[in-house]
Amino acid sequence: MFDRFNRKLNYLRISVTDRCNLRCTYCMPEQGIRLFRHEDILSFDEIAGFTKTAVSNGVTKVRITGGEPLVRKGITVLVSMISEIKGIEDLSMTTNGTLLKQYAQELRTAGLHRVNISLDTIDREKFRAVTRTGDLNDVFEGINAAKNAGLFPVKINCVIKDSKDEEQARAVTGFCKDNDLEIRYIRQMDLVMGHFSIVDGGIGGDCLLCNRLRLTSNGKLKPCLFSNIEFDIRQLGFEKAIQLAAELKPECGSKNETGTFYNIGG
Ligand code: SF4
């Protein structure tokens, strides 16, 4: 499927939960978050059913995100349901890596191809300060487990303030070189202010080339991260929601005053 600006929309990002086991300072407020009600969260059958419809409309690339997708109970079952859909060429996940040691092999067996793991620093104290709760060791063990399980490539998402020459980013770059990992630098974004930029090492944030649709864990289909436009797939039906999202996808992002990163999945 193509949008009005002749961009091919073949990439679906699915947020499977608004929950996370970390509290990163640039994502989650200290005082915690108001979570979606259980009944508002899409079931596995709804997510797989919607993905099948999206694939029949031209989606070939699917990424599973959160919150933190690995805190969703039964996540490997969902991965296998999605991986069985004919037409998906690339099935990936974005995770904070802290639970990967436990799930990496199961995810690979379930049909996941590759992972992006968030890592902004390799300094233990700084990691603890940024995530408010996390243990850096868990991420290191998660990275090794992903590599050993054959998830490939393993990419590192490194959030930066302004430049990849920042001290922490340089250290992560060195770590990736030493451990044969690809790295992408993501400048901190602000949904409400509409601050975003092109991902260094990826095409995220490049509106001219944007091929994405996003499904939130409570069933809103968003044609653009930096927009308030969204379509309720339960109310409209899968096909109608996809059609409207393709028709009304904005030429470029502006502001998003309704969503948050932990319930859209970045
Ligand atoms: S701001 Fe919107 S149109 Fe631009 S790259 Fe992001 S999702 Fe695509």
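Since every read-out is calculated from the coordinates, none of them should be taken as a lab result. Quick caveat, the model's predicted, so the values are computed rather than measured. Neighbour counts are summed over all protein chains in view; Cβ atoms, including those assigned to glycine, are modelled from backbone coordinates with ideal geometry.
Gain on full extension, evaluated as 0.36 nm per residue between Ser163 and Gln243 minus their Cα-Cα distance, stands at 25.0 nm.
Label sites at Glu182 and Asn228, each approximated as a point 7 angstrom past Cα along Cα to Cβ, lie 3.7 nm apart.
Taken one residue at a time, the phi angles of region 59-67 give Karplus couplings (6.51, -1.76, 1.60, θ = phi - 60°) of 6, 10, 10, 10, 10, 9, 10, x, x Hz. Gly and Pro are set to x. Counting only DSSP H runs of at least 4 residues, each contributing -39500 (n - 2.57), and dividing by the residue count of the chain, the helix-based mean residue ellipticity at 222 nm comes to -9500 deg cm²/dmol. Taking packing as the residue-averaged number of other Cβ atoms within 10 angstrom, the listed peptides 51-64, 250-263 run from highest to lowest as 51-64, 250-263. The angle between the Cα long axis of helix 167-178 and the main principal axis of the chain comes to about 90°, on a 0 to 90 degree scale.
Place a point 7 Å from Cα of Glu251 in the direction of its Cβ. Which residues in region 1-42 have their backbone N less than 11 Å from it? Once the point is set 7 Å along Cα→Cβ of Glu251, 5 turn out to lie under 11 Å by backbone N, inside region 1-42. Extension gain for Asn148 to Thr133 (0.36 nm times residue separation, less C-alpha to C-alpha distance): 2.8 nm. Shape index of region 11-264: Rg/Rh, with Rg the Cα radius of gyration and Rh the Kirkwood radius from the inverse mean 1/r over Cα pairs, equals 0.94. Computed from phi, the 3J(HN,Hα) profile of region 40-46 under the Karplus parametrisation 6.51, -1.76, 1.60 (θ = phi - 60°) reads 7, 7, 5, 7, 4, 4, 5 Hz, with x in place of Gly and Pro.
When you count the other C-beta atoms within 10 angstrom of each residue and take the mean per peptide, 146-153, 95-102 line up highest first as 95-102, 146-153. When each of the peptides 187-195, 168-176 is scored by the mean number of other C-beta atoms lying within 10 Å of its residues, the order from highest to lowest reads 168-176, 187-195.
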